[in-house]
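**Student:** First, the structure itself, so that you have it in front of you.
The values are calculated or read from the model by the stated rules, or taken from the named source; none is laboratory data. Just so we're clear, the structure is a prediction, and the values are computed from it rather than from any experiment. Cβ atoms come from the backbone with ideal geometry, glycine included; neighbour counts cover every protein chain shown.
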Amino acid sequence: MKWRWIVPAFALAALVAVPWLGDEVLIQFGISALLIAVLAQSWNILGGFTGYVSFGNSVFYGLGAYGTAIAMAQWHQSFWLGLVLGAAVAVALAALLGWPILRLRGPYFAIVTLGLSAAMSALIANLDIAGKNIGLILPLTRNDTMFYELSLGLLAAATLTVAWIARSRFGMGLIAIREDEDAAATIGVDATRYKLAALMLAAFFTALAGGIHAYWITFIDPAGSFDTTLDVRMVIMTMFGGPGTVFGPVIGAFILSAIYEILANGISTAAALFFAVVIMLAVIFMPKGLMDLGGGFRSLGWRYFLANMRRYRL
Amino acid sequence: MTEPAPLFEAIGLAKRFQGLVALSAVSFRIQRGTIMGLIGPNGAGKSTLVGIIGGALRADGGEVHFEGARIDRLPPYRRARLGIGRTYQVTRPFPGLTALDNVTLGALFGDGAGMRDRHKALEIAREWLDFVGLSAHSDQRADSLGSPDRKRLEFAKVLAMRPKLLLLDEVMAGLTPAEVDSVVTLIQRIRDRGVTMLVIEHVVPAIRRLSDRLLVLNHGQLIAEGEPRTVLRDERVIEAYLGRRRA
Amino acid sequence: MLLAQILVDGVLLGGLYGLMALGMALVWGVLNIVNLAHGAFIMLGGYLVYFLFAAGLDPLASLPLAMLAMFAFGYVIQRGLLNLIVRSALLNTLLFTFGLDVVLTFLAQLLFSADYRTINPSYAGANFTVAHVTIPVGRLVAFAIAIVLAMLLYLLLRHSRLGRAIRATAQNLDAARLYGVDPGKIYAVTFGLGAALAAAAGGLYGIVAQITPYIGATLTAKSFVIAIIGGLENPLSIIAAGVVIGLAEAITALYLGPTYTDVIGFGLLVLILVVRPARSLKLA
């Protein structure tokens, strides 16, 4: 059982070593990729395990960014305090909002989350302390290596949390909710509390990623922090990698980020197009993501793709 | 001679669905360790009653007592933890999970916060899968199981919860006579383990064999209660099922 | 009388919003697909009417043509593409139609450039005044057409054979099959109808506002909100829901400022869904 962790351990070691092995561009790409992987992994907790698809997690990302920025730029506090503040605000919002909106099922939950980020953005744009529409500037610290290792550490923490969830009673409860929420209640799962916990966990890690990102790029504004393209990306990456798995979101995030980076350097607008086509093909031929593809391919070969296509057509 | 305090008591339950009266003035008690049968023609309100006892539905009037305490206001998961388990008429396994995982979930959550150890829960799950005869299928996905196996899975899952009161909602529907027999045996073995049951059924011979007492529901009202033999000969009961006797 | 003016503006625009949502609600109710590319269909319809207008055709005349063209487009897309994922989980259909939206937007940008386009027939600029309230003719026409189309859809669904087949398929696919309904055809026709309605909305939108390749996203979001509030069953209640949103936006712009107009629709939606969960659960 322990040998399953050898490959990830090696990967982790390799990742840690990147700043000394790669150049500036790679490190910067690394930071972005690591942070989006954190977002994907956080989304995975609520979306992959619990089955509640959110298109609004970027609201927590933005809150994390603003919490950190306000603490550092307005109140002149340390980065760590800023992170704590950002995370606290995000988790508090999750608790507050989660209560009413988690009562909604399926498409209704997803749709309600769509507006969250835009709404928060509009609100923040009216606050003086947040710098209104102009935004805030954080103190400059030029240390990409630090940001890199910090992001990697956050991703490791998020992934370890998901690994724990996957093996715990809590996690099994989340999965039961995903499979059949009413039947889960019938056997004794406190769905309300579990869903709320999942949302708050997701908010926590997402906010921390937002805070790190804010300090790294030293400038934030409402449009950039409450970025709905992040929502789309974290969902796609998790779905591509494998929702409800431990490493799926991470692998999905790395692969898709890399592809996007390569394409964007070449033909940038077509990069978005390429992605769109990839998503559409993935939904038809590998709807359960890469992790399932691995096992499915081993047992069915190319027929795996055909079987998937047949399964969901009219 | 006074009866010991019942495990379960319903008092004056009433339920309406937009003008249609589903239940009215339904009162009965279930003694610990007994099997209470419940029969009635289609649309009599049996599933509504199960829904109210399990907590999925809220009664419009009346009270529900379990182990002496009122439980009307409790949500389904709390009732599950108190010891009320139910099966569904159309089985509801967790589709994407294996049979073993399904039953493990029952073991993990049915007993409240007490069961934290996943390994212990797995053991219990395997025991119950064995009890219902599904050991060979424990690693199969629940949605790939055939109908009789799904019913067994439903049994194993709810038994893993260690319920004190088990609500069985038409578990024999759609089974061949041989399968009905094996389910009857299963239910008797469960009763021998001390589980109290409310069994809702259409298959009258089976219910006659199983029940200690029998309730008959028609148009939302209890029209008879008592020993199976007596109840089944009651004129009102026969009329409810077959219509008026030709004079 | 600023308030009256605002209210009238809101109602007129709201009618058009309702028309936009009509197509999305129809597809959602029958195929159980939430089409995130719906706004792109509106956008494409708008471009069609624009180019026909540039070629000399009055928008009111080209509306039927654009609708026909988009009906065919929708039919083919459903039959050839969407059919493949019709039974997928909701998230997957959302992702898929999202991808489709990106593709269509990209193509539009490539073919039509990002320039702003407006459709200005001579009557669009005119307006008349009733009781101190100015009513722009263009908006009034858009509102009127929206109502007419909604009524036509209502009549189609209620009283025609096709409409009955569509409703049967929406309610119970297997039962409908038993009655001889060809689900593939019904799905494709329904989706085509949704696209046609979107096209009409797009053409009208081009008269009252501007068309760019990027208008799709906000219009999809708005249609969502309206479809849920109005319910997926009755075209007329969707128009009503559109009017509600139009009014809400107008009032919000007046009292809270324009930055909040995008948000008010969602705010309303959240409020309704949370306060009356029974209604939303019905469709889940």
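**Student:** May I ask you to verify whether B:L166 is in a strand (DSSP E or B), of a type outside the set (S, T, N, Q) and buried (at least 21 other Cβ atoms within 10 Å of the Cβ)?
**Tutor:** yes
**Student:** Inspect all residues belonging to region C:200-209 and state whether any of them is within 19 Å of A:A118 (Cβ to Cβ) and surrounded by fewer than 24 Cβ atoms within 10 Å (Cβ to Cβ).
**Tutor:** no
**Student:** Answer yes or no as to whether C:A248 is in contact with a His (Cβ under 7 Å, 6 or more places away or on another chain), more than 10 Å from chain A (Cβ to nearest Cβ), under 27 Å from A:V53 (Cβ atoms) and of a type in the set (A, V, I, L, M).
**Tutor:** It is false that C:A248 is in contact with a His (Cβ under 7 Å, 6 or more places away or on another chain), more than 10 Å from chain A (Cβ to nearest Cβ), under 27 Å from A:V53 (Cβ atoms) and of a type in the set (A, V, I, L, M).
**Student:** From B:E179, B:E154, grab the single residue that is among the acidic types (D, E) and more than 11 Å from B:A99 (Cα to Cα).
**Tutor:** Going through B:E179, B:E154 in turn, just one is among the acidic types (D, E) and more than 11 Å from B:A99 (Cα to Cα): B:E179.
Condition check ((1) part of a strand (DSSP E or B); (2) more than 18 Å from the chain's Cα centre (by Cα); (3) of a type outside the set (D, E)) across all residues:
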residue: B:A178; (1), (2), (3): no, yes, yes
residue: B:D181; (1), (2), (3): no, no, no
residue: B:I223; (1), (2), (3): yes, yes, yes
residue: B:V231; (1), (2), (3): no, yes, yes
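**Student:** Of everything in region A:170-184, what is more than 18 Å from B:P93 (Cα to Cα) and facing another protein chain (nearest Cβ under 8 Å)? Give them in sequence order.
**Tutor:** Matches in region A:170-184: none.
Quick grid of which residues meet (1) surrounded by fewer than 17 Cβ atoms within 10 Å (Cβ to Cβ); (2) outside any helix (DSSP H, G or I); (3) within 12 Å of chain C (Cβ to nearest Cβ):
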position	(1), (2), (3)
A:I251	no, no, no
A:A258	yes, no, no
A:I262	yes, no, no
A:M280	no, no, yes
A:I284	no, no, yes
A:K288	no, yes, yes
A:G296	no, no, no
A:L306	yes, no, yes
A:R313	yes, yes, yes
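**Student:** Which of (1) more than 12 Å from chain C (Cβ to nearest Cβ); (2) surrounded by fewer than 21 Cβ atoms within 10 Å (Cβ to Cβ) is the odd one out, the single condition A:R103 does not satisfy?
**Tutor:** It is condition (1) that A:R103 fails.
**Student:** Across region B:49-87, which residue is farthest from the other protein chains (Cβ to nearest Cβ) among those that are crowded, with 17+ Cβ neighbours inside 10 Å, assigned to a loop (DSSP other than H, G, I, E, B) and at positive phi?
**Tutor:** Ranking the qualifying residues of region B:49-87, first place goes to B:G83.
**Student:** Considering only region B:223-232, I want to know if a residue exists there that is within 21 Å of B:V50 (Cβ to Cβ) and of a type in the set (S, T, N, Q).
**Tutor:** No.
**Student:** crowded, with 23+ Cβ neighbours inside 10 Å, on the phi < 0 side of the Ramachandran plot and either under 16 Å from the mean Cα position of the chain (by Cα) or not aromatic (F, W, Y) (or both): does that describe B:V103?
**Tutor:** yes
**Student:** I'm trying to understand the selection: among the residues of region B:183-221, which are assigned to a loop (DSSP other than H, G, I, E, B) and among the hydrophobic types (A, V, I, L, M, F, W, C)?
**Tutor:** B:V195, B:V203
**Student:** So the check is Cβ under 9 Å with 6+ separation or different chains; which pairs have a first residue in region A:97-114 that's among the polar types (S, T, N, Q) and a second one that's assigned to a helix (DSSP H, G or I)?
**Tutor:** A:T113/A:V59; A:T113/A:I101; A:T113/A:D231
**Student:** If you don't mind, there's one more thing I want to ask. Tally time: how many residues in region B:131-152 are in contact (Cβ under 8 Å) with a residue 40 or more places away in the chain, among the small types (G, A, S) and either out of contact with any helix residue (DSSP H, G or I) (no Cβ under 9 Å at 6 or more places or on another chain) or not in a helix (DSSP H, G or I) (or both)?
**Tutor:** 2
**Student:** Within region A:192-214, is even one residue within 14 Å of another protein chain (Cβ to nearest Cβ), buried (at least 23 other Cβ atoms within 10 Å of the Cβ) and farther than 28 Å from A:G289 by Cα?
**Tutor:** For region A:192-214, residues within 14 Å of another protein chain (Cβ to nearest Cβ), buried (at least 23 other Cβ atoms within 10 Å of the Cβ) and farther than 28 Å from A:G289 by Cα: absent.
**Student:** All but one of (1) closer than 24 Å to C:G231 by Cα; (2) β-branched (V, I, T); (3) part of a loop (DSSP other than H, G, I, E, B) hold for C:I119, so report the exception by its number.
**Tutor:** Among (1) closer than 24 Å to C:G231 by Cα; (2) β-branched (V, I, T); (3) part of a loop (DSSP other than H, G, I, E, B), C:I119 violates only (1).
**Student:** Tell me which of these A:I187 doesn't satisfy, since it passes every other one: (1) over 22 Å from A:T206 (Cα atoms); (2) more than 7 Å from chain B (Cβ to nearest Cβ); (3) not small (G, A, S).
**Tutor:** (2)
**Student:** For region A:212-244, which residues satisfy the criterion of being outside any helix (DSSP H, G or I) and β-branched (V, I, T)?
**Tutor:** Correct list: A:T218, A:I220.
**Student:** Quick check on A:V38: is it in contact (Cβ under 8 Å) with a residue 40 or more places away in the chain, in contact with a helix residue (DSSP H, G or I) (Cβ under 6 Å, 6 or more places away or on another chain) and either surrounded by 20 or more Cβ atoms within 10 Å (Cβ to Cβ) or within 12 Å of chain C (Cβ to nearest Cβ) (or both)?
**Tutor:** Taking the combined requirement at face value, the residue satisfies it.
**Student:** For residues in region B:1-48 being hydrophobic (A, V, I, L, M, F, W, C) and either out of contact with any strand residue (DSSP E or B) (no Cβ under 6 Å at 6 or more places or on another chain) or in a loop (DSSP other than H, G, I, E, B) (or both), which is surrounded by the most Cβ atoms within 10 Å (Cβ to Cβ)?
**Tutor:** B:A44
Residues checked against (1) surrounded by fewer than 24 Cβ atoms within 10 Å (Cβ to Cβ); (2) modelled with pLDDT of 90 or more; (3) in a helix (DSSP H, G or I):
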site	(1), (2), (3)
B:A113	yes, no, yes
B:L122	yes, yes, yes
B:A125	no, yes, yes
B:L129	no, yes, yes
B:K157	no, yes, yes
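**Student:** What number of residues within region B:142-176 satisfy the criterion of being over 16 Å from the mean Cα position of the chain (by Cα) and either assigned by TED's automatic domain parsing to the domain that holds B:R209 or closer than 16 Å to B:G110 by Cβ (or both)?
**Tutor:** 3
**Student:** Considering each residue of region B:161-192, count those that are out of contact with any Leu (no Cβ under 8 Å at 6 or more places or on another chain) and within 14 Å of another protein chain (Cβ to nearest Cβ), and give that number.
**Tutor:** 4
**Student:** In addition: Against the conditions (1) modelled with pLDDT of 95 or more; (2) under 16 Å from C:A188 (Cβ atoms); (3) not small (G, A, S), where does C:M43 fall short? Just the number, please.
**Tutor:** (2)
**Student:** Can you report the number of residues in region C:175-190 which are within 12 Å of another protein chain (Cβ to nearest Cβ) and either part of a helix (DSSP H, G or I) or crowded, with 20+ Cβ neighbours inside 10 Å (or both)?
**Tutor:** Total meeting the criteria: 7.
**Student:** Somewhere in region B:116-125, is a residue touching a Phe, Trp or Tyr at 6+ places or on another chain (Cβ under 7 Å), within 20 Å of B:R193 (Cβ to Cβ) and more than 8 Å from every other protein chain (Cβ to nearest Cβ)?
**Tutor:** Within region B:116-125, none of the residues are touching a Phe, Trp or Tyr at 6+ places or on another chain (Cβ under 7 Å), within 20 Å of B:R193 (Cβ to Cβ) and more than 8 Å from every other protein chain (Cβ to nearest Cβ).
**Student:** For B:A99, are the conditions met, namely being among the hydrophobic types (A, V, I, L, M, F, W, C), away from chain A (no Cβ under 11 Å), in contact with a strand residue (DSSP E or B) (Cβ under 9 Å, 6 or more places away or on another chain) and farther than 25 Å from B:L7 by Cα?
**Tutor:** So B:A99 passes the test.
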